Amino acid sequence: RQKNGVEAVPEAYISMLDKLSPVRFKYNGRGDKYHVGFIAQEVEEAMAQVGLDSLEFGGFIRDVDKETGEDVFFLRYEEFIAMLAAKMQDMDVRVRKLEESA
């Protein structure tokens, strides 16, 4: 009841995933703990390559730091989960077809 415009994940989102490189990194000034994820600027570039903008993908946020005036980028990783599931389901179908033809 709280959603509208519900549809299957469009192919552009899956294509965007193919353009991303997962990385390991540390946050500046936040200790020595490693994190894994994506580089937000690379996500923005991949979105542009497949024709998506920030209104079409809520997982990417670009804002301006009020104190410094610099661009600040954020990723909402929970938004990537459904795309990853769609990609896995597509791969599962392909594997099953390959196994059946072998």
Count - residues of the stretch 92-102 that are of a type outside the set (S, T, N, Q) and open to solvent by less than 100 Å² (accessible area, probe 1.4 Å)
3
Using beta carbons and a limit of 9 Å, which pairs, at least six apart or on different chains, have the first residue in the stretch 8-33 and among the polar types (S, T, N, Q) and the second one open to solvent by less than 90 Å² (accessible area, probe 1.4 Å)?
15/46; 15/50; 21/38; 21/39; 21/42
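The values are calculated or read from the model by the stated rules, or taken from the named source; none is laboratory data. Quick caveat, the model's predicted, so the values are computed rather than measured. Glycine gets a Cβ as well: all are built from the backbone with ideal geometry, and neighbour counts include every protein chain shown. Areas reflect the complete protein model, heavy atoms only, side chains present, ligands, DNA and RNA absent. Shrake-Rupley method; radii C 1.70, N 1.55, O 1.52, S 1.80 Å.
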